[in-house]
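Notes follow once the structure below has been shown.
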Amino acid sequence: MAGSRLERFGTVFTRVRDLMRSGVIKPTEKPIWYDVYQAFPPKRDPLHVKPHARLSTKKQETVPEILYREDEVRAKFYEQYGGGPRPLDLSKSNFVSTCQRFVDKYTELKSHRKLDDSALFEQTGKALLTEGIVLRRRGALPVSPESRDPVLELKLTDMLAEQQSVGADSKETKDHTTHAHTP
């Protein structure tokens, strides 16, 4: 079994058979498949045929790019909003990603309205917001502290203390007015 040219002459079965006849392989060392192959030989012997390749006729097959309209919407969605705050949950068979919901709503609105793509994109974002899906723009600058409402800076304890003081003040004024009117 030396050299690569032997595989051209005969099959593996005939080579093993001949090695067993010559005594190189003992009958106790024969392969497991040998008896099955001998009992049920194939209809045609498997022969080694070297493929003939012509270099001049070899053509490279190019696979055309397949792009759907919804792929453009997805690309724009991921460009503006990114992947989202949490990963996709592929363990649930009925899971629908935020991007897929966006694409579905986009196609729905496109069938009903005659808007250009950018306006339709914005309308889709607003429609999803009304359904309770919040989309955060990618790379949006955070709100500066000067433009924030001072009410947002209040702490819960400060708000409770203020409400209690307002409640106590209203009780004192109520008590004061009842005592003033009593003769």
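Counting charges near residue 74 (Lys, Arg +1; Asp, Glu -1) among other residues having Cβ under 12 Å from its Cβ returns a value of -2. Rounded, prolate or oblate: which fits region 78-118 when a ≥ b ≥ c are the square roots of the eigenvalues of the alpha-carbon gyration tensor, with rounded for a/c under 1.5 and prolate only if a/b beats b/c? Here region 78-118 falls in the oblate category.
Counting only protein chain heavy atoms and rolling a 1.4 Å probe, the accessible areas of 30, 43, 59 rank, largest first, as 43, 59, 30.
Modelled this way, with points 7 Å down the Cα-to-C-beta line, the labels at residue 163 and residue 32 are 7.7 nm from one another. With a Förster radius of 45 Å applied to the beta-carbon distance between residue 45 and residue 101, the computed FRET efficiency rounds to 0.15. For a modelled paramagnetic label at residue 69, 7 Å from Cα along Cα-to-Cβ, the residues of region 110-132 in reach, with backbone nitrogen under 14 Å, are 110-118, 120-121. Between the amide H of residue 135 and any residue lying 5 or more places away or on another chain, no distance stays under 5 Å, with hydrogens modeled in the peptide plane.
The values are calculated or read from the model by the stated rules, or taken from the named source; none is laboratory data. Note that this is a predicted model, so its numbers are computed, not measured. Heads up, the Cβs are rebuilt from the backbone with ideal geometry, glycines too, and the neighbour counts pull from every protein chain shown. Remember, those area values only see protein heavy atoms, side chains included, never the ligands or the DNA or RNA. Shrake-Rupley method; radii C 1.70, N 1.55, O 1.52, S 1.80 Å.
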